[in-house]
1. So which of 109, 126, 94 ends up being in contact with an Asp or Glu (Cβ under 6 Å, 6 or more places away or on another chain) and surrounded by 14 or more Cβ atoms within 10 Å (Cβ to Cβ)?
2. Provide a single number: the residues in segment 191-210 that are out of contact with any Asp or Glu (no Cβ under 7 Å at 6 or more places or on another chain), farther than 24 Å from residue 239 by Cα and touching a residue at least 12 places away in the same chain (Cβ under 8 Å).
3. Could we say that residue 28 is buried (at least 17 other Cβ atoms within 10 Å of the Cβ), within 28 Å of residue 151 (Cα to Cα) and at pLDDT 95 or above here?
4. Among the residues of segment 221-244, count how many are modelled with pLDDT of 95 or more and either in contact with a helix residue (DSSP H, G or I) (Cβ under 9 Å, 6 or more places away or on another chain) or at positive phi (or both).
5. Going through segment 130-176 one residue at a time, which ones are crowded, with 21+ Cβ neighbours inside 10 Å, among the hydrophobic types (A, V, I, L, M, F, W, C), out of contact with any strand residue (DSSP E or B) (no Cβ under 8 Å at 6 or more places or on another chain) and not in a helix (DSSP H, G or I)?
6. In segment 37-60, how many residues are without any contact (Cβ under 8 Å) to a residue 40 or more places away in the chain and within 22 Å of residue 164 (Cα to Cα)?
7. Of everything in segment 31-57, what is of a type in the set (D, E, K, R) and either crowded, with 21+ Cβ neighbours inside 10 Å or in contact with a Pro (Cβ under 6 Å, 6 or more places away or on another chain) (or both)? Give them in sequence order.
8. Quickly run through segment 178-229 and pick out the residues that are among the acidic types (Asp, Glu) and not in a helix (DSSP H, G or I).
Amino acid sequence: MTNNQFPISNIRSIPHLTTAQMVEVDRAMIEDFRIELVQMMENAGRNLAHLARMRFLDSDPRGKSVLVLAGSGGNGGGALVCARRLHNWGAKVAVAITKSPAEFRGVPAHQLDILQQMGVSVTTGAPFPAENLALIVDGIIGYSLRGAPRGTAAETIHVANAAPAPVLSLDVPSGIATDGAVQSPAIRAAATMTLALPKIAFRRAEVLALSGELFLADISVPPELYAAMGISVGNIFAESEIVRLKSQT
């Protein structure tokens, strides 16, 4: 499957969320609709793994080397779910985390523990093997970014950008905030899979340039939740849990 086989949706016709609105979506999902973070994270990671398989791994991950980069937040947790799925599908998965396992908390810590119990290779920090990779998955930093990436996260971004393998980012390329501020360093992605609705950052040309191909994935946000926020979304995911918003430029 190529990106052309994912349903196409017009990015201009879809509402974009600010950081504050995304925070409210997360709150309402958990508190009002009782959809737990572990469910949202599983949906995100499953769709990310499927996109990786179909777009970058020739529909068959078996024997292909994939490096998953994960921070300790929700974005990293989704990337860890992706790592588990790709491992289960036969890929040679290695994981590099930006903090020690002891610094992970909550659901991301749970996802990391699963991978460790499975025997998936998990190392902390860069440098990491960057040769002979079919794909790098970027789950370093999500929409909660404040200021420029620092320390291990910044070093990991630099190494990923220097690697020859394509990078698939989750939600936004690490180093970009949802308000559109591009920090240094920032991931230069071959493709980005954003979640629920596009972030307001994607209205900026420089962000779209760093994002590569842009896809949107369902994490099962009820339309009633959006309606309560005054947002009308229609049935974006009626044909597929993943839709394509922007092709490669």
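1. Result: 126 is the single residue among 109, 126, 94 that is in contact with an Asp or Glu (Cβ under 6 Å, 6 or more places away or on another chain) and surrounded by 14 or more Cβ atoms within 10 Å (Cβ to Cβ).
2. Matching residues across segment 191-210 total 7.
3. No, not satisfied.
4. Looking only at that region, the number is 11.
5. 141
6. 3
7. Within segment 31-57, 53, 55 meet the criteria.
8. Residues satisfying the conditions are 179, 213, 218.
The values are calculated or read from the model by the stated rules, or taken from the named source; none is laboratory data. Everything numeric in this text was worked out from a predicted model, so none of it was measured. Backbone-built Cβ (ideal geometry, glycine too); neighbour counts: all protein chains shown.
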